[in-house]
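Take a look at the structure set out below.
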Amino acid sequence: MTVAITQLSYVVATALFILSLHWMNDPKSARRGVLAGVVAMALAVLATWAQPAIIVHHGWIAIAIALGFAVGWPLSKVPLTAVPQRTALSHAFGGMAAGLVGTAKYFLWLGEGGVQLTSIRMSAIIAEIILGYLTFTGSLMAAGKLQEIRWIPQRPVTYPGQNVVNLGLVGFLVARQYLTGHRLQPAAA
Amino acid sequence: MSGETAASGANLDYWSMLFVFMLATFVGVGVIQRVSRLLHTPLMSLTNAISAIAVVGSIIVTGSDYPVEIRILGAIALFASTANIVSGFLITDRMLKMFKRDGNRR
């Protein structure tokens, strides 16, 4: 029963998110779009939180959300000239959150014996972690540059063969993570 | 929920996820295509806030009966996502409020 309520809330929230973006098409309905987004987000959060069969540590959630409000509120009051930095910082936060959830899921399933770490889930976790932390560090650099922090160079750092090195690094990351996932498979079988 | 579905369920999951991904791509392109140039910046910050829907995952990781170190990772993620949601929606609305004034003046 509660599962049905949760899933139904997700369906409604998804529809509201689509409407939210749709209303953003036109300046006349744009603020309604923001409202739809807020309602959808609140619905999704409450539906997830109110699952007595899964969620038991309510205090932890309440504290993390309260701290998020404490930081998010002042971040929305920055002067308009600082909005690009704020967006970059926000991207960094989002990337970090994705990376952390991926890391947490990996260690959770690893601790349960690795049976849950199917190759499909492992690929999803690998993508989540690589993209998440890449976004985190990259967006932090971008935010620092936009804010013109002293110890971050304004001119792009370039050197010969940079693209080869960067692509090589990505290849190394993917291969390294693939091997980590691959090594788990015998244990899972 | 997804905890009980092991290998066989995960395969089904995978295909339905692929369908959702495909459909969502079309919906996303369709919905965004006709946005007026004026609204590009608020659209950016709105989608930034909406992308924080990943908060749902961090709520489950933080609140479930998992080992403490895993819940700490979840709580940090939950904090970061909430900060994004709050500041993202508020700043989008702030931009749009200013817009309205500009529109009236024209």
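Figures for the structure shown
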read-out: Matching option when the condition is more than 9 Å from every other protein chain (Cβ to nearest Cβ), more than 30 Å from A:T180 (Cα to Cα) and not hydroxyl-bearing (S, T, Y), among A:L80, A:L46, A:L67, A:L35; value: A:L46
read-out: Residues located in the stretch B:33-46, provided they are in a helix (DSSP H, G or I) and either in contact with a strand residue (DSSP E or B) (Cβ under 9 Å, 6 or more places away or on another chain) or at the interface with chain A (Cβ under 7 Å from one of its Cβ atoms) (or both); value: B:L38, B:L39, B:P42, B:L43, B:M44, B:S45, B:L46
read-out: Residue in the stretch A:104-113 that is under 26 Å from B:S58 (Cα atoms) and not in a helix (DSSP H, G or I) present; value: yes
read-out: Matching residues in the stretch A:68-83 - criterion: being assigned to a helix (DSSP H, G or I) and touching a Ser or Thr at 6+ places or on another chain (Cβ under 9 Å); value: A:G68, A:F69, A:V71, A:G72, A:W73, A:P74, A:L75, A:V83
read-out: Failed criterion for A:G114 (all others in (1) more than 7 Å from chain B (Cβ to nearest Cβ); (2) over 18 Å from B:I70 (Cα atoms); (3) surrounded by 16 or more Cβ atoms within 10 Å (Cβ to Cβ); (4) more than 17 Å from the chain's Cα centre (by Cα) hold); value: (2)
read-out: Unique residue being assigned to a helix (DSSP H, G or I), of a type in the set (A, V, I, L, M) and within 22 Å of B:S58 (Cα to Cα) when the list is A:I65, A:I55; value: A:I65
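Conditions (1) surrounded by fewer than 22 Cβ atoms within 10 Å (Cβ to Cβ); (2) out of contact with any Gly (no Cβ under 7 Å at 6 or more places or on another chain); (3) at the interface with chain A (Cβ under 7 Å from one of its Cβ atoms), marked per residue:
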position	(1), (2), (3)
B:A24	yes, yes, no
B:I53	yes, yes, yes
B:F79	no, no, yes
B:T82	no, no, yes
B:S87	no, no, yes
B:L90	yes, yes, yes
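Where a number appears in this text, it was derived from the coordinates with a stated rule and is not lab data. Since we're looking at a predicted model, the values are computed, not measured. Note that we place each Cβ from the backbone using ideal geometry, even for glycine, and neighbour counts take in every protein chain shown.
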